[in-house]
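The values are calculated or read from the model by the stated rules, or taken from the named source; none is laboratory data. All values derive from a computational prediction rather than experimental measurement. Cβ sites come from the backbone with ideal geometry, for glycine too, and all protein chains shown count toward neighbours.
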Amino acid sequence: MSSRRQLPVTNDAAGGSDWRFAIRALRHRNYLLFFTGQTVSLIGTWMTRIATSWLVYRLTKSAYPAGCGGIFRANSDIPAGAVCRSVG
């Protein structure tokens, strides 16, 4: 007998299959460490983006440069500083 608790939750939209297969990979230590590290890294990235936009807004007292930073962060091929300075 397995000491793991069996979860009776099923996903009716997926044809009644249970959702345990989605978290089965977390049983492996290496993948669990990888997944946890990626989660912490992603949260840190979100915090950095919010803090950077907030800092730009507080320093410039304008939402335009903060918005420019958000738009140009999504597409890093565009020289954000030159465009924001010339337009704003």
From Asn11, Asn75, residue being surrounded by 10 or more Cβ atoms within 10 Å (Cβ to Cβ), among the polar types (S, T, N, Q), modelled with pLDDT under 75 and out of contact with any helix residue (DSSP H, G or I) (no Cβ under 8 Å at 6 or more places or on another chain): Asn11
Taking the stretch 21-70 only, how many residues are of a type in the set (S, T, N, Q), in a helix (DSSP H, G or I) and either exposed (fewer than 11 other Cβ atoms within 10 Å of the Cβ) or in contact (Cβ under 8 Å) with a residue 24 or more places away in the chain (or both)? 6
Quick one: Ala25 ticks every box in (1) modelled with pLDDT under 90; (2) out of contact with any helix residue (DSSP H, G or I) (no Cβ under 8 Å at 6 or more places or on another chain) except a single one, so which number is it? (2)
